[in-house]
Amino acid sequence: MGPHRHVDFIKRWMLSTEYCAWIYYTPEAKYELSKLSNHSTLPYSEKRRSCFLPKHVDDQRYPPGTLKYISAFHNHPYGNALSDGDIRTIVAAGFEHGFAAETKDGALNLAVVAFFSNNYTRPTCDGFYMYAPAKGRVVRWDNTGGGWRCRQLEIVTWHDESNFTREKREGPCSQEEVP
């Protein structure tokens, strides 16, 4: 998309869409990606983009209630950090599905991930923002061309089921966030 100052920002913003999908874990010990959704949860807006993340994945191959939810993926056409809505959505999903899932790779924390690109004319995946409620941190992963670099951006503190605060606390990621 590009920053507001980018020459084609208005045109790119008007044409942009946000999509979202679930990464989930099956009873066959496989990770799957749900169908992409680009249906907005909001009426069309010149200021915001959003997509509708279904509460449940409808995978007819498996009985209801047997899927484990791992991550909610979506793009950020503008490239900005996670919104309060992103954080609320994944926490609501955690209350619905659990905040961690046992997999063949061990316990995985439920997370929301927002991909972004720095190349506005030929978008690529240059990085992503991630928030896992069980960790309480917003981190940013950047593709440096020679590997991935993780930076912690914020600490999220929940005061009850619907109220939280975000505190900027930048620094390197903790060892547990680095694969």
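Only the coordinates and a few stated rules stand behind these numbers; no lab work does. No experiment lies behind these values; they were computed from the predicted model shown. Counting neighbours? That spans all protein chains shown, and the Cβs are built from the backbone with ideal geometry, glycine included.
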### Full-stretch length increase - THR26, HIS56 - with 0.36 nm per residue and alpha-carbon distance subtracted
9.5 nm
### Query
Residue by residue through region 153-161, which ³J(HN,Hα) values in whole Hz follow from phi under the Karplus form 6.51 cos²θ - 1.76 cosθ + 1.60 (θ = phi - 60°), with glycine and proline marked x?
10, 8, 10, 10, 10, 8, 9, 6, 5
#### Entry: Distance between modelled label sites at GLU96 and SER162, nm, 7 Å Cα→Cβ extension
1.7
### Message
As a footprinting exposure proxy, order TYR25, TYR31 by other Cβ within 10 Å, with the fewest listed first.
### Response
TYR31, TYR25
### Message
Per 0.36 nm of contour for each residue apart, how much would the distance between ARG88 and THR66 grow if the chain were fully extended, relative to their Cα-Cα spacing?
### Response
5.5 nm
### Amide proton proximity set for LEU153, modelled H, under 5 Å, gap of 5+
VAL138, VAL139, ARG140
### Query
What does the charge add up to near ARG169, with Lys and Arg as +1, Asp and Glu as -1, over the other residues with Cβ less than 12 Å from its Cβ?
+1
### Distant-in-sequence amide H partners of GLY127 (H built 1.01 Å from N, under 5 Å)
PHE116, ASN143
### Task
Could you line up ASP105, ASP160 from fewest to most neighbouring Cβ atoms inside 10 Å?
ASP160, ASP105
### Fewest-first sequence of PHE95, PHE116, PHE164 by Cβ atoms within 10 Å of each Cβ
PHE95, PHE164, PHE116
### Query
Given the pairs LYS135/LYS168; LYS55/LYS104; LYS30/LYS104; LYS30/LYS135, which are separated by over 18 angstrom at their Cα positions?
LYS55/LYS104; LYS30/LYS135
## Note on the structure
Simple SL model, points at 7 angstrom along Cα→Cβ for ALA134 and ARG169; separation in nm is 1.9
### Query
What's the FRET efficiency of ILE155 with LYS104 using the Cβ-Cβ distance as r and R₀ = 45 Å, to the nearest 0.05?
0.90
